[in-house]
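Worksheet: the structure to be examined is printed underneath.
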Amino acid sequence: MSMGQKVSVGGGKIMGREQTARTPGPRELAEELTPPARLDMLLDMPSAPKESQLKYAWNSEDRSLNIFVKEDDKLTFHRHPVAQSTDCIRGKTGFTRGLHVWEIQWSTRQRGTHAVVGVATQEAPLNSVGYQSLVGSNDQSWGWDLGRNKLYHDSKNIASGITYPALLKPDENFVVPDSFQVVLDMDEGTLAFVVDGQYLGVAFRGMKGKKLFPIVSAVWGHCEITMKYIGGLDPEPLPLIFLCRRTIRQCITRDRLHRIPELDLPPAIREYLQYKP
């Protein structure tokens, strides 16, 4: 096969690991990890509106020529079936401060031999000959190789990647689902990921003082990858009224939030607890 499509979903090996390898779930690999309080609060809030998602979408002017942003869906790009090429695209907006979360939707059937998600500076390359984990290949980008369960940064000088999630054993293969979230905290200088609602822990540190953009590198012909900006929080402390709402919602518990309209409270308070304007 060409275009990085060396892996059969139905049999054989995936990224050099036998399909009979144990495949633990995200909660098993991160059961003792508690998400930072600000992240927990951000994920409890409604997702950003479509206008904001478009502001933080893929940048049609900052991409490999083998990639194009779809006209009918500005949140999604399509990669042309070009053999022996690794191709990247950056997001429109770079981050220097605040906490930011975006969702990546990338079908497991469209990843091929090298599928990497992360962040990069404006100087990181967007194309290379052959198939490789381009995001994370130099000191201008940081990436999670979804198939290998490895973290890469400056891999040309530091050959071996770091296993992620950290608790993953050598004989285990963590299958990253079609949809997951990227967490960039520029105030702490960290990058992390959330899968199926489970925070997997910090993947990278030492990012303070940089301007970083969302980025992916892909090799699969005709793959389509969507990025949806979930939301962000500035470094300044949140108003007390926001913290009170969060505390009340925590007491109600997430699986009962749909019953807020049944509470014997003034309509304005019920609406506020549901983040209604």
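For the reader, a short list of remarks on this structure follows.
- When the alpha-carbon atoms of the stretch 37-145 are used, the pair Rg, Dmax equals 14.7, 44 angstrom.
- Here the relative contact order of the stretch 59-204, from alpha carbon pairs under 8 Å that lie six or more residues apart, stands at 20 percent.
- Most to least packed among 40-48, 263-271 [average Cβ atoms within 10 Å]: 40-48, 263-271
- Other residues within the sphere of radius under 11 Å centred on the Cβ of Arg249, judged by their own Cβ, net out at +2 (K and R +1, D and E -1).
- Which of Gly94, Gln274, Gln110, positive extreme of dipole for the chain (C-beta unit charges): Gln110
- With each label modelled as a point 7 angstrom along the Cα→C-beta vector, the Arg259-Thr23 pair spans 3.5 nm.
- Using θ = phi - 60° in the Karplus curve 6.51 cos²θ - 1.76 cosθ + 1.60, the 3J(HN,Hα) couplings for the stretch 237-243 round to x, 6, x, 4, 5, 5, 5 Hz; x is entered for Gly and Pro.
- By average C-beta atoms within 10 angstrom, highest first, the peptides 207-218, 76-87: 207-218, 76-87
- Contact order normalised by residue count of the chain, Cα under 8 Å, 6+ apart, percent: 27 percent
- Surrounding net charge for Leu39, when Lys and Arg each add one and Asp and Glu each subtract one, Cβ distance under 11 Å: -3
- Each of Ile241, Gly189, Thr121 was placed along the dipole of the stretch 120-277 (beta-carbon charges, centred on the mean Cα), and the one lying farthest toward the positive end is Ile241.
- For Cα extents along the principal axes in Å, calculated from these coordinates, the label among [x] 55, 49, 37; [y] 63, 42, 36; [z] 56, 43, 39: [y]
- Computed magnitude of the charge dipole of the chain (debye, nearest 20; Cβ of K, R +1, Cβ of D, E -1): 180 debye
- Net lengthening on full extension, Ser128/Tyr275 (0.36 nm per residue, minus Cα-Cα): 48.4 nm
- Computed with a 1.4 Å probe over protein heavy atoms only, the accessible surface of the chain comes to 49 Å² per residue.
- Asp154 versus Glu71: modelled label distance in nm, points set 7 Å from Cα along the beta carbon direction: 4.5 nm
- Sum of -39500 (n - 2.57) over DSSP H runs of 4+, divided by residues of the chain (222 nm, nearest 500): -3500 deg cm²/dmol
- The charge dipole of the stretch 233-277, taken about its Cα centre with unit charges on the Cβ of Lys, Arg, Asp and Glu (plus for the first two, minus for the last two), comes to roughly 160 debye.
The values are calculated or read from the model by the stated rules, or taken from the named source; none is laboratory data. This one's a predicted model, so the numbers in the text were calculated from it and none came from an experiment. Note that we place each Cβ from the backbone using ideal geometry, even for glycine, and neighbour counts take in every protein chain shown. Accessible surface is based on the protein model in full, side chains and every heavy atom, while ligands, DNA and RNA are left aside. Shrake-Rupley method; radii C 1.70, N 1.55, O 1.52, S 1.80 Å.
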